[in-house]
Amino acid sequence: MLREVIKDKTHEAHQKTEGKVVRKVKSIKSEQDYIELLKCFYAYFSAVEKEISRFVTVDVLSDLKERRNAEYIKRDIEELGGSVADLPEVTLPSITYTLDALSAMYVLEGSIMGGPYIVKMLQKQGINRAFSFFSGYGENSGKMFSAFVEVLNKYGENPDTHERAVEVANETFTNFGEVFTPVTAQ
């Protein structure tokens with residue numbers, strides 16, 4: 001199944017990106033710092049979602065309208081008194097057809113599973129609100145991720161497509177990590 005192939009072959013890129021995010025979360029000392037973290041997420045997720053939307057519609061993913069998206073991040077930023085102005089630059093993964101889009105979306109949807117851990121880390125840093133994005137689908141997060149994986153596996157049934165799917169997922173992880181590079185380098 002494609003999900004297992006992607007999970008296995010993106011492990012290194014996933015770990016590197018996760019490390020950058022965790023370092024950034026641990027450096028948060030104020031709500032303003034949290035806004036800056038959210039702006040990194042918003043810049044990347046909104047840009048990738050726009051690319052994905054060219055290929056992933058409700059015909060591909062029937063519960064698309066119920067899925068968490070960058071609007072949740074924007075609401076969290078605004079709840080904290082921030083805005084989505086002055087966003088960091090992002091580099092998009094190369095998305096040219098539906099399986100590419102689903103492979104990139106695998107990274108975005110997979111981030112849901114880490115959201116509760118980020119919330120706990122933020123709470124330790126004194127942040128106690130604006131968690132709608134990192135709350136994912138609440139108790140339905142596992143179910144929603146599994147439903148997404150079913151669609152990914154269906155579109156990736158042909159093993160000849162797996163190498164390209166892995167390439168796009170790796171590119172999605174790496175490019176997301178780069179959004180944090182200027183921030184973590186300060």
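For helix 98-110, what angle does its Cα long axis make with the longest principal axis of the chain, in degrees from 0 to 90 and rounded to 10?
The angle comes out at about 40 degrees.
Please determine, in degrees from 0 to 90 and to the nearest 10, the orientation of helix 115-124 with respect to the longest principal axis defined by the Cα atoms of the chain, where the helix direction is its Cα long axis.
Approximately 10 degrees, to the nearest ten.
Calculate, for K120 and D63, the FRET efficiency according to 1/(1 + (r/R0)^6) with r their C-beta to C-beta distance and R0 22 Å; round to the nearest 0.05.
Once the sixth-power term is evaluated, E becomes 0.20.
Taking the Cα atoms of the range 99-186, report the difference between the largest and smallest coordinate on each principal axis, in whole Å and largest first.
For the range 99-186, the Cα spread along each principal axis is 48, 35, 14 Å.
Using 0.36 nm times the number of residues separating Q15 and K154, minus their current alpha carbon distance, what extension gain do you get?
47.4 nm
Computed from these coordinates, which is Cα extents along the principal axes in Å: (i) 92, 40, 28; (ii) 48, 31, 27; (iii) 55, 38, 34?
(ii)
Relative contact order for the range 2-177: what is it in percent, counting Cα pairs under 8 Å that are at least 6 residues apart?
In percent, rounded to a whole number, it is 38.
Looking at the chain as a GNM with Cα springs under 10 Å, which of S46, S62, S103 has the largest mean-square fluctuation?
S62
Helix 11-26 against the longest principal axis of the chain: what's the angle in degrees, Cα atoms only, rounded to the nearest 10?
Roughly 20 degrees, rounded to the nearest 10.
Work out, step by step, the length gained on full extension between N128 and K26: first 0.36 nm times the residue separation, then minus their alpha carbon distance; give nm to one decimal. Intermediate results must be reported in sequence, preceding the final value.
On the way: separation 102, 0.36 × 102 = 36.72 nm, distance 1.46 nm.
Stretched out fully, the N128 to K26 stretch lengthens by 35.3 nm.
Quick check on the chain: helices-only [θ] at 222 nm, where DSSP H runs of length 4 and up contribute -39,500 (n - 2.57) each and the sum goes over total residues. Nearest 500, please. List each step's numbers first, then the result.
Working: 8 runs with 117 residues, N = 186.
Estimated from H runs of four or more residues: -20500 deg cm²/dmol.
To the nearest 0.05, what FRET efficiency results for L80 and R164 with a Förster distance of 45 Å applied to their C-beta separation?
The formula returns an efficiency of 0.70 here.
Enumerate the calculated ³J(HN,Hα) couplings along the range 55-68 in order (Karplus 6.51 cos²θ - 1.76 cosθ + 1.60, θ = phi - 60°), each rounded to whole Hz, writing x wherever the residue is Gly or Pro.
Coupling constants for the range 55-68: 10, 9, 10, 5, 5, 8, 10, 4, 9, 3, 5, 8, 7, 4 Hz.
Values quoted throughout were computed directly from the atomic coordinates according to the rules given, and no laboratory measurement underlies them. Here the structure is a predicted model, which is why all the values come from computation and not from measurement. Reconstructed Cβ throughout: ideal geometry from the backbone, glycine too, with neighbour counts over all protein chains shown.
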